[in-house]
Amino acid sequence: MSQLNNINFNLYRRRVLLNFIILSASFLTTLFGLFWLAWLLVTLFSHGFQYLNLSVFTQPTPPPGDAGGLANAIVGSIIITAMGVIIGAPVGVMAGTFLSEYAIRSRIAPVIRFVNDVLLSAPSIIIGVFIYEVVVVPMGNFSGWAGSLALALIALPIIVRTTEDMLKLVPNTVREAACALGAPKWKVTVAIVYRAAKAGILTGILLAVARISGETAPLLFTALNNQFWSSSLNEPVANLPVVIFQFAMSPYEDWQNLAWAGAFLITLSVLALNIMVRTFLRNR
Amino acid sequence: MEQDSKSLAALRRGSAGHILDILFTNATRICAIIVLGIIIAMMGSLLVGAWPAFKKFGLSFFISPAWNPVTEDFGALVAIYGTLVTSIIAMLIGVPVSFGIAIFITELCPIWLKRPVSTAIELLAAIPSIIYGMWGLFVFAPFFGDYIEPWISDNLGQIPIIGSLFSGPPLGIGVLTAGIILGIMVIPFMASVFRDLFEVVPAVLKESAYGIGATTWEVVKMIVLPYTKIGVVGGIMLGLGRALGETMAVTFVIGNADRLESSLLMPGNTISSSLANQFTEAVGQMYTSSLIALGLILFLITFVVLSIAKFFLLRLTLREGTRT
């Protein structure tokens, strides 16, 4: 009897020990993962603060060796991103509406859902190549419009997905109530369902803005870059991500410092957008 | 009664509301079809762009290690090899670590810490990849080249068979560095996917296991994992898709070399970094076309990986549906 107890006790000890080892490993991997990410943020913030000053916001990008800032790149980035969202958001919201409201027995809806996921996870550089072929080559030059279009293609699937998900959260009884009052379907969708899902749709658009404001790869061969202020979207437009890429890869130290300042700005705005989305969703 | 409804329908047919209904429905349908059209156009334009390269090199494009813009002799092997190897390294680091983080958050973490850790992970997943690349170039690569790589080539480089993977000068930048940066980059993404999956497991199942005396690890191994394993495979595939297509985090640190090297410490190239580095300066139709062909290959690889991911995740939701 005591022998059996002994075996049981040993088995129990082994199980507890194994449990302890694995849970410690889980704890350590968490520390390991967070360690790299903390290191990244600390260097980013310390370098960013160090090189951030007023002239970053007021001066255009300098030639190597001169003083300057990132003003034209910041403005260019804001314009390209805004245009990207303005192009992508209406199409995305409408497509999401179709998937949620009008496609109940549609055979094409599953195909579009799948294709939307393909677009969502397509490498962003491929989208750059695509826009290069269909916009930049026919137009004959790199342009801000091409950049905006590339960003719109990245924003589009995010908006489609969140719009569909958010519209599906609206209870069916609300739709039925509106229909029972004699409202045509489009009115039910626009005046009732959209209103109920407003915060959610806006969240999706904000998420898309956060995502495309840091995208670099699709801009490399669409918007390209511009050392100076651009007068229109028909010519190459300076933008933060590509400036960061070029300045960081350059051998000049003052360019690299500006790249840190730019990286800091981008991260800050992306994080701010994400935190906005979170508080937005929590208050709903 | 029947007549009433008939006349009502007739009344509705001509009304403004009805016309707007048709307009609105079709507008949404057109927008949805635009999404489909974009993918078809993407496939088409990549095929058209890549055609000259495929026609000239044929199937040997896939297995030729050549990449010579001067003699216009191109092959995809170096870039495909770099893409696969960096992604495998990233998965070797990313999967276990994100797994540990997800277990920590769902099973181990005190409640007051749960929310901050989850939020931190999710915010980190949103940081643009160019930031990871830049940090890799300026901070991680010098550190790695000064302290870790000499140790790797001194110790692992001597082992008979796998030694050639780890020999060579400590440059800091190279395939291994790029893989590690990619791994660090996919950790937050995969950790939040895994965490979402683990939280789906019904508390009743876990509690009954705890009730008969299972340890936390046994609950994870025998309840959580079997319940979510399909989803976990899907999540890994999503992470892999990200790693395969990632451009900026890799381009900064991989070194942009078009030669096939046996050592992971040497510079190399991935499909996306070749495109990022060479596309704007490519002269001549064949050079551009070969780069587009690389892009098409990458698109097809990520397409297959995503389809597998979707297949597994869909099966998970289907099963969920039958259970509840």
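The values are calculated or read from the model by the stated rules, or taken from the named source; none is laboratory data. Please read these numbers as outputs of a predicted model, since none were measured by experiment. FYI the Cβ positions are ideal-geometry reconstructions off the backbone, even for glycines, and counts take in every protein chain you see. In case anyone asks, the SASA skips ligands and DNA or RNA and just uses the protein heavy atoms, side chains included. Shrake-Rupley method; radii C 1.70, N 1.55, O 1.52, S 1.80 Å.
Within the stretch A:190-237, if we keep just the residues that are aromatic (Phe, Trp, Tyr) and open to solvent by 40 Å² or more (accessible area, probe 1.4 Å), the residue that is farthest from residue B:278 (Cα to Cα) turns out to be A:194.
Sort out which residues of the stretch B:40-75 are of a type in the set (A, V, I, L, M) and out of contact with any Leu (no Cβ under 6 Å at 6 or more places or on another chain), and write them in order of number.
B:40, B:41, B:42, B:43, B:47, B:48, B:53, B:59, B:66, B:70
Is it the case that the stretch B:267-284 has a residue that's assigned to a helix (DSSP H, G or I), β-branched (Val, Ile, Thr), modelled with pLDDT of 90 or more and buried (at least 18 other Cβ atoms within 10 Å of the Cβ)? Yes, because at least one residue in the stretch B:267-284 is assigned to a helix (DSSP H, G or I), β-branched (Val, Ile, Thr), modelled with pLDDT of 90 or more and buried (at least 18 other Cβ atoms within 10 Å of the Cβ). Entry remark, the stretch B:82-116: residues being surrounded by 18 or more Cβ atoms within 10 Å (Cβ to Cβ) and in a helix (DSSP H, G or I) number 21 in total. In this structure, residue A:109 does not satisfy being among the aliphatic types (A, V, I, L, M), at the interface with chain B (Cβ under 9 Å from one of its Cβ atoms) and outside any helix (DSSP H, G or I). Of the residues making up the stretch B:183-234, those that are of a type in the set (A, V, I, L, M, F, W, C), within 12 Å of another protein chain (Cβ to nearest Cβ) and closer than 30 Å to residue B:141 by Cβ are B:184, B:185, B:186, B:187, B:189, B:190, B:191, B:194. Cβ-Cβ contacts under 6 Å between residues 6 or more apart (or on different chains), taken from a first residue in the stretch A:254-274 that is more than 10 Å from every other protein chain (Cβ to nearest Cβ) to a second residue that is among the β-branched types (Val, Ile, Thr), are listed as A:261/A:56. Hey, does the stretch A:8-26 have a residue that's in a helix (DSSP H, G or I), modelled with pLDDT under 90 and farther than 30 Å from residue B:96 by Cβ? Looking for residues that are in a helix (DSSP H, G or I), modelled with pLDDT under 90 and farther than 30 Å from residue B:96 by Cβ, one finds at least one in the stretch A:8-26, hence yes.
Here's the yes/no breakdown for (1) at pLDDT 90 or above; (2) over 17 Å from residue B:250 (Cα atoms):
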position: B:92; (1), (2): yes, no
position: B:103; (1), (2): yes, yes
position: B:116; (1), (2): no, yes
position: B:129; (1), (2): yes, no
position: B:149; (1), (2): no, yes
position: B:152; (1), (2): no, yes
position: B:160; (1), (2): no, yes
position: B:185; (1), (2): yes, no
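Only one of the numbered conditions (1) aromatic (Phe, Trp, Tyr); (2) closer than 20 Å to residue B:294 by Cα; (3) within 7 Å of another protein chain (Cβ to nearest Cβ) is not met by residue A:132, and that is (3).
Annotation: residue B:145 fulfils all but one of (1) under 21 Å from residue B:250 (Cα atoms); (2) in a helix (DSSP H, G or I); (3) within 14 Å of chain A (Cβ to nearest Cβ); the unmet one is (3). Scan the stretch A:238-280 for residues that are open to solvent by less than 70 Å² (accessible area, probe 1.4 Å), within 22 Å of residue A:211 (Cβ to Cβ) and out of contact with any Leu (no Cβ under 8 Å at 6 or more places or on another chain) and the total you get is 8.
Comparison of A:140, A:128, A:92 shows that the only residue that is in contact with a Ser or Thr (Cβ under 7 Å, 6 or more places away or on another chain) and either under 16 Å from residue A:208 (Cβ atoms) or at pLDDT below 90 (or both) is A:92.
Would it be correct to say that residue A:95 is among the aliphatic types (A, V, I, L, M), assigned to a helix (DSSP H, G or I) and over 26 Å from residue B:140 (Cα atoms)? Taking the combined requirement at face value, the residue satisfies it.
The rows are residues; the columns are (1) among the β-branched types (Val, Ile, Thr); (2) within 20 Å of residue A:120 (Cβ to Cβ); (3) open to solvent by 60 Å² or more (accessible area, probe 1.4 Å).
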{"site": "B:16", "(1), (2), (3)": "no, no, yes"}
{"site": "B:25", "(1), (2), (3)": "yes, no, no"}
{"site": "B:33", "(1), (2), (3)": "yes, yes, yes"}
{"site": "B:38", "(1), (2), (3)": "yes, yes, no"}
{"site": "B:45", "(1), (2), (3)": "no, yes, no"}
{"site": "B:58", "(1), (2), (3)": "no, no, no"}
{"site": "B:63", "(1), (2), (3)": "yes, no, yes"}
{"site": "B:73", "(1), (2), (3)": "no, no, yes"}
{"site": "B:76", "(1), (2), (3)": "no, no, no"}
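For the stretch A:42-66, the set of residues classified as touching a Phe, Trp or Tyr at 6+ places or on another chain (Cβ under 9 Å), of a type outside the set (Gly, Ala, Ser) and at pLDDT 85 or above consists of A:43, A:44, A:45, A:47, A:49, A:50, A:51, A:52, A:60, A:61, A:62, listed by residue number.
What residue, of A:174, A:115, is open to solvent by less than 40 Å² (accessible area, probe 1.4 Å), more than 18 Å from the chain's Cα centre (by Cα) and either within 21 Å of residue A:211 (Cα to Cα) or free of Cβ contacts under 8 Å to residues at least 60 places away in the same chain (or both)?
That would be A:115, the only listed residue that is open to solvent by less than 40 Å² (accessible area, probe 1.4 Å), more than 18 Å from the chain's Cα centre (by Cα) and either within 21 Å of residue A:211 (Cα to Cα) or free of Cβ contacts under 8 Å to residues at least 60 places away in the same chain (or both).
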